[in-house]
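A.B. asks: Below is one structure. I have some questions about it.
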Amino acid sequence: MNKPFAVLPLHDSVCQPPTATQLVVDRGFRGLCHLGVFLILLLVVALVVEIGGKAVPGMQKYGTGFIAGTVWDPNQLQYGILPAIWGTLYSSLLALLIGGFFGVMMAIFLTQDFLPPRLAAVFRTIIELLAAIPSVVYGLWGIFVVIPAIRPLADWLHQTLGWLPFFKSSLSGPGLLPAALVLAIMILPTIAAVSQDALRAVPLKTKQAAYGMGATHWEAILKVMLPTAATGIFGALVLGLGRALGETMALAMLVGNSNQISLSLFSPANTLAALLALNFPEAGPAEVEVLMYASLVLMLITLVVNLVGSSIMLMSQQGAK
Amino acid sequence: MRNLSVSDQPAPSLQRTLAGRSLRSALLSGLAWACALIASVPLFSVLYMLITRGGSRLSWEVLSELPPAGFEMGGGFGNALVGTFVMVGIAALIAIPVGILAGIFLAVLGPGSKLATMARFAAKTLTGLPSILAGVFAYALVVLTTGSYSAPAGGVALAVLMVPIVVLTAEEALKMVPKVMKDAAYGMGCTRTQVIWKIVLPTGMPAVLTGVMLAVARAAGETAPLLFTALFSNYWLYQDGSLELMGPTASLAVLIYNFSGMPFDNQIELAWAASLVLVMIVLVINIVSRIIGRPRF
Amino acid sequence: MKPFMFAVAGAAALVLSSSALAQERIRLIGSGASFPAPLYLAWFKDLGKKNPNLTVDYQSKGSGAGIQDFLNKTVDFAASDSAMSKEDLAKVPEGVQLLPMTAGEIVLAYNLPGNPKGIRLPREVYSNIFLGKITRWNDARITAANPGVSLPDLPITVVVRADSSGTTAVFSKHLAAINDEFRKTLGEGNTVNWPASDKFIKSPKNDGVTATVRQTPGAIGYIEYAFAKLAKVDYALLQNKAGQYVAAGSGGETLAGVKLPPDMVAWLPDPDGAKAYPITSYTWMIFRKSNADPKKAQAMREMVEYGLTHGQKMADAMGYIPLPATVVDQVRTAAASIK
């Protein structure tokens, strides 16, 4: 190694040129960091190759009929995941409707001076702890608390408003509504947290200007704060949707695992993730192809939703600057 | 002023709207309060159920014994507790070094490089990966190759979920280290490795640890990736002098799932008790990570 | 067979400076049917006490999953209520030995307000419930068979299996035998393409079906008798071929008439006899004939012998049917081929 200029050892300074060993160590460590980054990329590639590659035979065999098919019957080698896709989307959108409303309300509540800071911190902690509870515990809670709790309401709705497609069938137990309710609770923290960021990013002077024009507290919130933070809040909703689509355990425990397409909130349904959880442990090679295909579909749906969500977030952050 | 002088009538309409507007505002505030309270109900309901139904069953016996067969009374989930620790440990051994190294690269070594952009994108994509797909991946990669359900297979599946959290939080944490501190060290002739080890890591460590602990907490509660990688076992990993890492391994999360679907009251009580233990583990990790990661200055 | 596994286990044992006993210890891993799972788990716990060096780890996952694990070689043995298909048998070069270990009855468990016991279900009623044709509890065909019982005006929620199940295979075999329409439209097998109705709910394993029935008013589901007995769920009296209403748990007369062929697989889709319970079946353990590890093979033979002796005594108490003495002898002879 040729040195560009000579450095005299300076005994009266802590500043020293690196020794040869230190340079080797430096190079080695940077190599390790590179390796770490490569491993991340490799992981993504491996995921796509393992799942995508193993889905190829299934794709060749069943083609697009797999996505449009409504029958899942391994005996007759008939596989269709449309009911599961429908259940995934329907339960997630329902959850988004409920969780989105409460999440955004919560974000407004926590950022728009409703509470003294200490109390706001308490509520913020409650919401964050909601996110920490494992999905399987929510499933257990759903079976023993949510289903019995909503049964009277569901029966009443079915009896009085049974002509609406949403209440067409009576609630047996597991079904879309309990699943969507629990799912809503699970995505609420994500939506609340990201929406809070969006609302906090609105410059203070914007709000002050609204008050200055004589707006009431809520006029300022609804007509000034929300529209200004709209992109960020929309991003929060999309990210919440992404989380709902991939959720597995609570759904597998609450949704009823019945392959059918129905608008009724009380009818049992199926989701892609629950389908995988229940069928994978017992799948033979023929079924593994099919399940890998279903995994791929799930991966693509969540990927698209998450990409849309993150790009909206990116836009809103750039907009804020 | 002109208005005042001209108006021989009072302006009731304006007052009424103002009153109406205030009323609407008050109503909406009430609604916001109601929403906040309703949103807090689930947490308290879950905690209430865990404490009343799980807490009544919690005892040393439950923490130290093996799961009961279908009809038996008593029993516990000692092996599942151990299994959860072992698999989260394996996952942490894989995910933390990889995650922190990659985080260092993203924050310090090449933040603007193309590689970093790609890796950042990859990590963000991975955070959105449904956890069941991590299980599918580990099943294909580990279970089918080794020919057995095992603790390492479960560990790999959990690691896939931990890595992106560690990477992204480590990057955020290390980026926060003030540039002047690094510049001072470079100026003294430090190599980049020395800057990282002596300046960046010590300064950013609390925040990195927060991310690591959040990742651990998430992994401890995951069920879906373990269903068909670690499966479940009714026995201890380590029994009478032999360690069976390469066999099916119990975990708290899978035990809760299995027992919640059983018709026997004993098992359902155990599912609640196991949930209480699992939630306590997760919450303790969360709270500790908050204390560690609290901004100090 | 699994050198990697042994290498890791061995290394770990060395590191942990275990005693020499460690090498003697044998751990058998099995998975499959949930139908006999309560019994098997009780056996293996007891067997572990009698022989501390033998651990049998059985995971109740459903028959389909067990056979799949067996084919993937992730387990030493499997258990199935639907035996094993010809195609699957052909996939095992080592040869397969099926051994019936116990027998059981499938009951229709239900959950009705007021918990009326022993509802009577005629053959064409219960087969039509599972075809989705009879949908309410106060259907005239049900009330006609149950004079004096007030049946509620509730929809019937049918709980079926979400996983690939031998219990489903046995049950659908029976329904196909007694109902032509069922045979033609739904057929028989480990999985059945149940009618698309929002009153059909799926749950995994016998445990899940029992739990869902218990939690759902108006539900009916098919489960092994032991589950109904142990979980204290009400179950129906079913009408047999002779036209009699019979309760499950009345014993093994049904089985005595059956002679097992050399492959040890026999079915009773619709037994004769006035006292015969209509849905009865053997359940099998599945072994490889040639195993790489002779010690494991010996351990498996020991496990079978335990099941045939001590095990049969437990069967009756837990709601299973002990094997007839002739069958026990046949199984003992056949078990010798596990090497």
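A.B. asks: For segment C:318-339, which residues satisfy the criterion of being in a helix (DSSP H, G or I) and over 19 Å from C:ILE106 (Cβ atoms)?
C.D. replies: C:ALA325, C:THR326, C:VAL327, C:VAL328, C:ASP329, C:GLN330, C:VAL331, C:ARG332, C:THR333, C:ALA334, C:ALA335
A.B. asks: Within the bounds of segment A:271-294, is there any residue that is in a loop (DSSP other than H, G, I, E, B) and surrounded by fewer than 24 Cβ atoms within 10 Å (Cβ to Cβ)?
C.D. replies: Yes; the residues of segment A:271-294 include at least one that is in a loop (DSSP other than H, G, I, E, B) and surrounded by fewer than 24 Cβ atoms within 10 Å (Cβ to Cβ).
A.B. asks: Out of (1) within 13 Å of chain B (Cβ to nearest Cβ); (2) closer than 27 Å to A:ILE98 by Cβ; (3) part of a helix (DSSP H, G or I), what's the single condition that is false for A:SER316?
C.D. replies: (1)
A.B. asks: Let me ask something else. Across segment C:199-232, which residue is farthest from C:ALA248 (Cα to Cα) among those that are hydroxyl-bearing (Ser, Thr, Tyr) and at the interface with chain B (Cβ under 9 Å from one of its Cβ atoms)?
C.D. replies: C:SER203
A.B. asks: Could you say which residue among B:GLY204, B:GLY147, B:GLY247 is more than 11 Å from chain A (Cβ to nearest Cβ) and surrounded by fewer than 19 Cβ atoms within 10 Å (Cβ to Cβ)?
C.D. replies: Result: B:GLY147 is the single residue among B:GLY204, B:GLY147, B:GLY247 that is more than 11 Å from chain A (Cβ to nearest Cβ) and surrounded by fewer than 19 Cβ atoms within 10 Å (Cβ to Cβ).
A.B. asks: Can you give me the number of residues within segment C:27-75 that are without any contact (Cβ under 8 Å) to a residue 12 or more places away in the chain and away from chain A (no Cβ under 11 Å)?
C.D. replies: So the answer is 4.
A.B. asks: Note down all Cβ pairs under 9 Å where the first residue falls in segment C:294-319 and is at positive phi, the second is of a type in the set (D, E, K, R), and they're at least six residues apart or on different chains.
C.D. replies: Taking only residues 6 or more apart or on different chains, the pairs are C:GLY319/C:GLU105; C:GLY319/C:GLU224; C:GLY319/C:LYS229.
A.B. asks: Let me ask something additional. Which of the residues that make up segment B:95-127 are surrounded by fewer than 19 Cβ atoms within 10 Å (Cβ to Cβ) and in contact with a Gly (Cβ under 9 Å, 6 or more places away or on another chain)?
C.D. replies: Those that are surrounded by fewer than 19 Cβ atoms within 10 Å (Cβ to Cβ) and in contact with a Gly (Cβ under 9 Å, 6 or more places away or on another chain): B:PRO97, B:ALA116.
A.B. asks: Mind telling me which of the residues A:ASN257, A:ASN306 ends up being assigned to a loop (DSSP other than H, G, I, E, B) and either modelled with pLDDT of 90 or more or within 22 Å of the chain's Cα centre (by Cα) (or both)?
C.D. replies: Going through A:ASN257, A:ASN306 in turn, the sole match is A:ASN257.
A.B. asks: Considering (1) more than 8 Å from chain B (Cβ to nearest Cβ); (2) in contact (Cβ under 8 Å) with a residue 60 or more places away in the chain; (3) under 26 Å from C:PHE200 (Cα atoms), say which one A:GLY284 fails and leave the rest.
C.D. replies: Condition not satisfied by A:GLY284: (2).
A.B. asks: Can I ask one more? So for segment A:120-127 (the condition being facing chain B (nearest Cβ under 9 Å) and in contact (Cβ under 8 Å) with a residue 12 or more places away in the chain), does at least one residue qualify?
C.D. replies: yes
A.B. asks: When the residues of segment A:65-97 are narrowed to those that are of a type in the set (Gly, Ala, Ser), farther than 12 Å from A:GLN260 by Cβ and not in a loop (DSSP other than H, G, I, E, B), which ends up nearest to the other protein chains (Cβ to nearest Cβ)?
C.D. replies: That would be A:SER92.
A.B. asks: In segment B:122-143, what count of residues is obtained for those that are within 23 Å of A:MET313 (Cβ to Cβ), assigned to a helix (DSSP H, G or I) and hydrophobic (A, V, I, L, M, F, W, C)?
C.D. replies: Going through segment B:122-143 one residue at a time, the tally reaches 4.
A.B. asks: Sort out which residues of segment B:266-297 are at pLDDT below 90 and in a helix (DSSP H, G or I), and write them in order of number.
C.D. replies: Scanning segment B:266-297 gives B:ASN286, B:ILE287, B:VAL288, B:SER289, B:ARG290, B:ILE291, B:ILE292, B:GLY293.
A.B. asks: Considering only segment C:197-297, give the helices (runs of 4 or more DSSP H) lying wholly within it that have at least 1 residues that are among the acidic types (Asp, Glu).
C.D. replies: C:205-215, C:253-256
A.B. asks: Within segment C:233-244, does at least one residue satisfy the condition of being within 11 Å of another protein chain (Cβ to nearest Cβ) and either modelled with pLDDT of 85 or more or touching a helix residue (DSSP H, G or I) at 6+ places or on another chain (Cβ under 6 Å) (or both)?
C.D. replies: For segment C:233-244, residues within 11 Å of another protein chain (Cβ to nearest Cβ) and either modelled with pLDDT of 85 or more or touching a helix residue (DSSP H, G or I) at 6+ places or on another chain (Cβ under 6 Å) (or both): present.
A.B. asks: Just checking, how many residues over segment C:275-317 are hydroxyl-bearing (Ser, Thr, Tyr) and crowded, with 24+ Cβ neighbours inside 10 Å?
C.D. replies: Counting residues in segment C:275-317 that are hydroxyl-bearing (Ser, Thr, Tyr) and crowded, with 24+ Cβ neighbours inside 10 Å gives 5.
A.B. asks: Here's something else I'd like to know. Only one of these is without any contact (Cβ under 8 Å) to a residue 40 or more places away in the chain and of a type in the set (Phe, Trp, Tyr): B:TYR257, B:TYR235. Name it.
C.D. replies: Selected residue: B:TYR257, the only one of B:TYR257, B:TYR235 that is without any contact (Cβ under 8 Å) to a residue 40 or more places away in the chain and of a type in the set (Phe, Trp, Tyr).
A.B. asks: Limited to segment B:44-77, what total is found for residues that are part of a helix (DSSP H, G or I), crowded, with 18+ Cβ neighbours inside 10 Å and facing another protein chain (nearest Cβ under 9 Å)?
C.D. replies: Qualifying residue count, segment B:44-77: 4.
A.B. asks: Checking the structure you have, find out if any residue of segment A:147-160 is touching a residue at least 12 places away in the same chain (Cβ under 8 Å), more than 12 Å from chain B (Cβ to nearest Cβ), outside any helix (DSSP H, G or I) and over 25 Å from the mean Cα position of the chain (by Cα).
C.D. replies: no
A.B. asks: While we're here: Quickly run through segment C:71-112 and pick out the residues that are at pLDDT 90 or above and in a loop (DSSP other than H, G, I, E, B).
C.D. replies: C:ASP76, C:LEU112 - these are the residues of segment C:71-112 that are at pLDDT 90 or above and in a loop (DSSP other than H, G, I, E, B).
A.B. asks: Among the residues of segment A:228-245, is any within 30 Å of C:VAL192 (Cβ to Cβ), crowded, with 24+ Cβ neighbours inside 10 Å, modelled with pLDDT of 90 or more and within 21 Å of the chain's Cα centre (by Cα)?
C.D. replies: Checking segment A:228-245: at least one residue is within 30 Å of C:VAL192 (Cβ to Cβ), crowded, with 24+ Cβ neighbours inside 10 Å, modelled with pLDDT of 90 or more and within 21 Å of the chain's Cα centre (by Cα).
A.B. asks: Out of segment A:161-188, which residues are at pLDDT 90 or above, over 17 Å from A:MET249 (Cβ atoms) and more than 9 Å from every other protein chain (Cβ to nearest Cβ)?
C.D. replies: A:LEU177
A.B. asks: It is to be established whether one or more residues within segment C:133-150 are surrounded by fewer than 22 Cβ atoms within 10 Å (Cβ to Cβ), under 24 Å from the mean Cα position of the chain (by Cα) and among the polar types (S, T, N, Q).
C.D. replies: Looking for residues that are surrounded by fewer than 22 Cβ atoms within 10 Å (Cβ to Cβ), under 24 Å from the mean Cα position of the chain (by Cα) and among the polar types (S, T, N, Q), one finds none in segment C:133-150, hence no.
A.B. asks: While we're here: Tell me, which residue of segment B:172-190 that is in a loop (DSSP other than H, G, I, E, B) and more than 35 Å from the chain's Cα centre (by Cα) is farthest from the other protein chains (Cβ to nearest Cβ)?
C.D. replies: B:CYS190
A.B. asks: Name, by its number, the condition in (1) outside any helix (DSSP H, G or I); (2) surrounded by 24 or more Cβ atoms within 10 Å (Cβ to Cβ) that does not hold for A:ALA215.
C.D. replies: The number of the failed condition is (2).
A.B. asks: Let me ask something else. Any idea which of B:THR127, B:THR145, B:THR117 is without any contact (Cβ under 8 Å) to a residue 12 or more places away in the chain and more than 24 Å from B:VAL200 (Cα to Cα)?
C.D. replies: B:THR145
A.B. asks: Would you say A:GLN208 is farther than 30 Å from A:ILE85 by Cβ and buried (at least 24 other Cβ atoms within 10 Å of the Cβ)?
C.D. replies: Judged against the criteria, A:GLN208 is not a match.
A.B. asks: Would you please name the residue that is surrounded by the fewest Cβ atoms within 10 Å (Cβ to Cβ), looking only at residues in segment C:1-49 that are at pLDDT 50 or above and of a type in the set (Ser, Thr, Tyr)?
C.D. replies: Out of the qualifying residues, it is C:TYR40.
A.B. asks: C:LYS184: within 14 Å of chain A (Cβ to nearest Cβ), among the charged types (D, E, K, R) and within 20 Å of A:PRO174 (Cα to Cα), yes or no?
C.D. replies: For C:LYS184, the condition - within 14 Å of chain A (Cβ to nearest Cβ), among the charged types (D, E, K, R) and within 20 Å of A:PRO174 (Cα to Cα) - is not met.
The values are calculated or read from the model by the stated rules, or taken from the named source; none is laboratory data. Keep in mind the model is a prediction, meaning the values are calculated, not measured. Every residue, glycine as well, gets a Cβ built from its backbone with ideal geometry; the counts of neighbours run over all protein chains shown.
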